[in-house]
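Report on the structure given below.
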Amino acid sequence: MKFFIDTADIDAIKQAYEMGLVDGVTTNPSLIKQSGRDHEETIREISSIVPGPISVETISTTTQGMLDEAEIYQTWGNNIVIKIVMSPEGMQTVKFLSAKGIKTNVTVTFTAAQALIAAKAGATYVSPFVGRLDDIGHHGMDVIEQIRTIYDHYAFQTKILVASVRSPIHLLDAAMVGADVATIPPKTLQQLFKHPLTDKGIEQFLADAKAFQKA
Ligand code: G3P
């Protein structure tokens, strides 16, 4: 299972990458806004840190607009994945780009039917937002399970990228269901290390080590 980091915060990316936990990065307009930095400069910097796929989201609403943006984004690094929203125009864009061998990530998806059409358009990744589904009283992980079943039935190559991950449980469930990738915010990544028995055990070992440590 691949771990992507869901942020445009350079320090957080560097820190997680150095721990060997980052196989790729996902960004979106909200995360770029949060970073308070220039879009191109930020993506170029991320691309120089992480060799894996970096998703960069288009903001046009027309197919031509998305294709024009994709052309520009590809010059920002050699590992750029074009992130495209779920829409008829978006799927047409994915079809054009995938025919040219350009990697795509279909975003803001919430149903297995949307994931099915993303796969038919030739998307490299599909990003279902599990946390936002949970927010409105659905069980987001059910959608991941449905997509896994459908993709396996027909041997679709599109990778399931679980997004809107809010907790270690989301990550665990995604892994149990067989998702290909989870994109994880830095805070959730930190939470993965934590267990009270781990803290207690380390504390005890360090205390006991004092008995034989040389001064
Ligand atoms: O990758 C999409 C993700 O950033 C959305 O997360 O927490 O805003 O629903 P969230």
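The values are calculated or read from the model by the stated rules, or taken from the named source; none is laboratory data. Everything numeric in this text was worked out from a predicted model, so none of it was measured. Every residue, glycine among them, receives a Cβ derived from its backbone with ideal geometry; neighbour counts consider all protein chains shown. Each accessible area value is taken on the protein alone, full model and side chains, heavy atoms only, with ligands, DNA and RNA left out. Shrake-Rupley method; radii C 1.70, N 1.55, O 1.52, S 1.80 Å.
Let's see how each residue does on (1) modelled with pLDDT of 95 or more; (2) under 20 Å from Val181 (Cβ atoms); (3) not small (Gly, Ala, Ser):
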position	(1), (2), (3)
Ala8	yes, yes, no
Thr27	yes, yes, yes
Asp38	yes, no, yes
Thr42	yes, no, yes
Ser48	yes, no, no
Gly52	yes, yes, no
(message) All but one of (1) within 16 Å of the ligand (Cβ to nearest atom); (2) of a type in the set (S, T, N, Q); (3) in contact with a helix residue (DSSP H, G or I) (Cβ under 9 Å, 6 or more places away or on another chain); (4) not in a helix (DSSP H, G or I) hold for Thr42; state the number of the condition that does not hold.
(response) (4)
(request) Return the residue satisfying two criteria in turn: it lies in the range 163-180 and is hydrophobic (A, V, I, L, M, F, W, C) and buried (at least 20 other Cβ atoms within 10 Å of the Cβ), and of such residues it is nearest to the ligand (Cβ to nearest atom). (result) Ala163
(request) Specify which of the listed residues (Ser55, Ser47, Ser35, Ser60) is in contact with a strand residue (DSSP E or B) (Cβ under 7 Å, 6 or more places away or on another chain), over 18 Å from Tyr125 (Cα atoms) and polar (S, T, N, Q). (result) Ser47
(message) within 19 Å of Gln15 (Cα to Cα), in contact (Cβ under 8 Å) with a residue 24 or more places away in the chain and open to solvent by less than 90 Å² (accessible area, probe 1.4 Å): which single residue out of Thr188, Thr158, Thr183 fits that description?
(response) Thr183
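Checking the condition within 13 Å of the ligand (Cβ to nearest atom), open to solvent by 60 Å² or more (accessible area, probe 1.4 Å) and out of contact with any Gly (no Cβ under 6 Å at 6 or more places or on another chain), which residue from Lys83, Lys33 passes?
On the way: Lys83 fails: open to solvent by 60 Å² or more (accessible area, probe 1.4 Å).
The match here is Lys33.
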